[in-house]
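Here the structure is laid out as structure tokens; the discussion comes afterwards.
The values are calculated or read from the model by the stated rules, or taken from the named source; none is laboratory data. If you're wondering where the values come from, they're calculated on a predicted model, not measured in any experiment. Cβ: placed from backbone, ideal geometry, glycine included. Neighbour counts: every protein chain shown. For accessibility, only protein heavy atoms count, side chains too; no ligands or nucleic acids. Shrake-Rupley method; radii C 1.70, N 1.55, O 1.52, S 1.80 Å.
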Amino acid sequence: MDLNSITSILEAASLWQLGFGAVAVGLAGLVRGFSGFGAAMISIPLLSLLFGPQTALACLTTMEMPAQIQLLRMSRREADWKQAAPMALGGIIALPLGTWILVSIDQDLLRRLISGIVLLLVALLASGYRHTISRRLGIDFAVGTVAGFLNGSTGLGGPPIIFYLLSGPYAPTAVRANITAFFQIGFIFVVASYFWFGVLTPERMLLGAAFAPFYVGGIWLGGKLFYKASEQTFRRIAYLLLAVIGGGTLFS
């Protein structure tokens, strides 16, 4: 990438676009640090409005690079790797197909379909439903496969994992750590898949790098707030978050 490419990126993005994008990724990082999920569901719709969906996914992936290092210590200590590992394996297998969808079909249609899934998820969670599915390797793998497909196609791989874990008999700390672990294991494969299909380009990564300090700062603050919240508060915030994101994505 030469100097002219860098200059063209900065000239193409107006000051208000950069400012709004920084606020969006800061909020996404705050939610990510607090709950272990939600960054993609906040940042991708907003950044897509500013720069387009593929650039939005490339920015988020770039921002996640330092964030993964920041979150590694927490997930390594608190995650249940016997559950997180098979979910991640399923995600890795389904990821290339999802990325092919990302570069092949209309993004608005796909995003609206995902929004409907998110809103359904909120309704199920708010109803107080708790699944009685016993933990099995095949179930963990299947949930991860769905999440990997969605992660590759829209960057929104969190909802299947969120519903599976939040509606089960798991403590908030374990939920947050397992979600983080799932994305950490598969992250290098996300980067490889996006490079292969041309989603990650030097120009898009530069834009993501400019937003990264706001994102990482938000994660740090969210992590501090998490340990001051009760389980009930955690679940209420998660439900409200998903409802706002689902509705916002649907009409974006």
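A count restricted to region 102-137 and to residues that are in contact with a Phe, Trp or Tyr (Cβ under 8 Å, 6 or more places away or on another chain), under 13 Å from residue 153 (Cα atoms) and modelled with pLDDT under 70 stands at 0.
Pairing residues of region 151-172 that are in contact (Cβ under 8 Å) with a residue 12 or more places away in the chain with residues that are open to solvent by less than 10 Å² (accessible area, probe 1.4 Å) and acidic (Asp, Glu), at Cβ distances under 9 Å and at least 6 apart in sequence or on separate chains, gives 164/140. Contact map, region 196-225: residues that are over 30 Å from residue 105 (Cβ atoms) paired with residues that are at pLDDT 90 or above and open to solvent by 70 Å² or more (accessible area, probe 1.4 Å), Cβ distance under 9 Å, separation 6+ or inter-chain. Pairs shown: 214/23. Residue 217 meets all of the listed conditions (1) modelled with pLDDT under 85; (2) part of a helix (DSSP H, G or I); (3) surrounded by 15 or more Cβ atoms within 10 Å (Cβ to Cβ) but one, namely (1). Here residue 185 meets the list (1) β-branched (Val, Ile, Thr); (2) under 14 Å from the mean Cα position of the chain (by Cα); (3) closer than 20 Å to residue 28 by Cα; (4) surrounded by fewer than 24 Cβ atoms within 10 Å (Cβ to Cβ) almost entirely, failing just condition (3).
Assess whether residue 192 counts as being open to solvent by 20 Å² or more (accessible area, probe 1.4 Å), farther than 24 Å from residue 49 by Cα, among the hydrophobic types (A, V, I, L, M, F, W, C) and assigned to a helix (DSSP H, G or I). Yes, satisfied.
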